[in-house]
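Taking it in order: structure first as structure tokens, then the write-up.
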Amino acid sequence: GGSRARGNLFQPNFEFKNMGIGGLDKQFMTILRRAFVTRMASPADLEKLGITHVKGMLLYGPPGTGKTLIARQIGKMLNAVEPKIVNGPEMLSKFVGASEENIRKLFKDAEDEYRSKGDDSNLHIIIFDELDAVFKQRGSRGDGTGVGDNVVNQLLSKMDGVNQLNNILVIGMTNRRDLIDSALMRPGRFEIQLEIPLPDKDGRKQIFTIHTNRMREEGLLGSDVDLDELAELTKNYSGAEIAGVVRAASQSGLTRKTTIGQAGKGTVTYDDKKQLLITRDDFMGALQDVRP
Ligand code: ATP
């Protein structure tokens, strides 16, 4: 099929940081390439090797480390249709059969397209956040409903069914890999597992660079702001928290353009003529407000 021969992931100079995601190393790319080369390969080659394409991957790690960003980016890199994003708890229903129906609906568009276009259909990505909420070790939920079990079984049967389909990739995400049913990790299911840890110092600097890019281009980032220093001071911060620091610093800088009229008793006015600059002090204050 001609639709699969694309993917900037395979360009030698591809880097995640150019796509707004910081802190992912080369090793990450290597695993990702190996996982997705089966997406680019022709069905005939896969058949000769006796393997199927990768249909599930699991991203795990602490909250706010960019799992959703990465999942969406993978979709773009593989030229997939707009991913469906769901989260575990919202799949669950106390009504008989409704949870299974929710899963069935998730796969329907991809199945319909594959039925009519075969290997020429677009890739459909399903991003499943908070996977652990539904896929805890089966039978251990202890709520007596068995609802989780039904959802697991339905998902497994869908993913096993994907064997014949060539156009589905399920990306599961969790903060608690230890809670995920081992049956889900088998080859042909979530066979690729990637840890997305908290960023190290270099990663944090990259993430600061990404999130201050715009203000730097606009000349609004103070020359006293040292991203190495900020990276040093943000041990244990996630990417989301670093983004939060940049927001808080920006808000702090913006307040200098406001004045309260009538000796502190009047309305707040915004002075558009006053210069806007986000300084080291704004960042230092922000570090006090946004804790890891
Ligand atoms: P959760 O487990 O809570 O769903 P997550 O790992 O999916 O979190 P995201 O939702 O992808 O985290 O990240 C939230 C926001 O934090 C992103 O939209 C982005 O602004 C920022 N962010 C997180 N990680 C990174 C990163 N590695 N590089 C750049 N920005 C990041």
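For region 159-180, filtering for residues that are part of a loop (DSSP other than H, G, I, E, B) and at pLDDT below 80 leaves 5. Answer yes if at least one residue in region 89-110 is within 16 Å of the ligand (Cβ to nearest atom) and of a type in the set (A, V, I, L, M), and no otherwise. Yes: one or more hits. Condition first: assigned to a loop (DSSP other than H, G, I, E, B) and surrounded by fewer than 13 Cβ atoms within 10 Å (Cβ to Cβ). Now tell me which residues in region 228-247 satisfy that. Within region 228-247, Lys235, Asn236 meet the criteria. A search for C-beta distances below 7 Å between a residue of region 18-38 that is touching a residue at least 40 places away in the same chain (Cβ under 8 Å) and more than 15 Å from the ligand (Cβ to nearest atom) and any residue that is of a type in the set (A, V, I, L, M, F, W, C) and part of a helix (DSSP H, G or I), counting only pairs 6+ apart in sequence or on different chains, returns Phe36/Leu9. If you go through region 74-83 and pick out every residue that is within 16 Å of the ligand (Cβ to nearest atom) and surrounded by 17 or more Cβ atoms within 10 Å (Cβ to Cβ), you end up with 4. Cβ-Cβ contacts under 9 Å between residues 6 or more apart (or on different chains), taken from a first residue in region 242-263 that is touching a residue at least 24 places away in the same chain (Cβ under 8 Å) and under 25 Å from Ile21 (Cα atoms) to a second residue that is part of a strand (DSSP E or B) and among the acidic types (Asp, Glu), are absent. Filtered by the rule that a residue be farther than 23 Å from Glu217 by Cβ and outside any helix (DSSP H, G or I), region 248-270 gives Thr258, Thr259, Ile260, Lys265, Gly266, Thr267, Val268, Thr269. Between Ala110, Ala183, the distinction of being modelled with pLDDT of 80 or more and part of a helix (DSSP H, G or I) belongs to Ala110 only.
For region 181-223, what are the residues that are basic (Lys, Arg) and within 14 Å of the ligand (Cβ to nearest atom)? Within region 181-223, Lys201, Arg204, Lys205, Arg214 meet the criteria. Candidates in region 39-73 are the residues that are charged (D, E, K, R) and surrounded by fewer than 16 Cβ atoms within 10 Å (Cβ to Cβ); of these, the one that is farthest from the ligand (Cβ to nearest atom) is Lys48. Look at region 185-199: where a residue is touching a residue at least 40 places away in the same chain (Cβ under 8 Å) and charged (D, E, K, R) and a partner is part of a loop (DSSP other than H, G, I, E, B) and within 15 Å of the ligand (Cβ to nearest atom), sitting 6+ places away or on another chain with Cβ atoms under 8 Å, you get Glu195/Gly61. Taken as a whole, the condition of being under 24 Å from Leu106 (Cβ atoms) and part of a helix (DSSP H, G or I) does not apply to Leu46. Looking across region 178-207, the residues that are surrounded by fewer than 18 Cβ atoms within 10 Å (Cβ to Cβ) and not aliphatic (A, V, I, L, M) come down to Asp178, Ser182, Arg186, Pro187, Gly188, Glu191, Gln193, Glu195, Pro197, Asp200, Lys201, Asp202. Between a first residue in region 104-133 that is over 17 Å from Met159 (Cα atoms) and among the aliphatic types (A, V, I, L, M) and a second residue that is within 15 Å of the ligand (Cβ to nearest atom) and in a helix (DSSP H, G or I), which pairs have beta carbons less than 8 Å apart while being 6 or more apart in sequence or on different chains? So the pair list comes out as Ala133/Gly88; Ala133/Pro89. Exactly one residue out of Val290, Val225 is under 22 Å from Gly61 (Cβ atoms) and surrounded by 11 or more Cβ atoms within 10 Å (Cβ to Cβ), and it is Val290.
The values are calculated or read from the model by the stated rules, or taken from the named source; none is laboratory data. Remember, predicted model here, so these are calculated numbers, not experimental data. Positions of Cβ are backbone-derived with ideal geometry, glycine not excepted, and every protein chain shown enters the neighbour counts.
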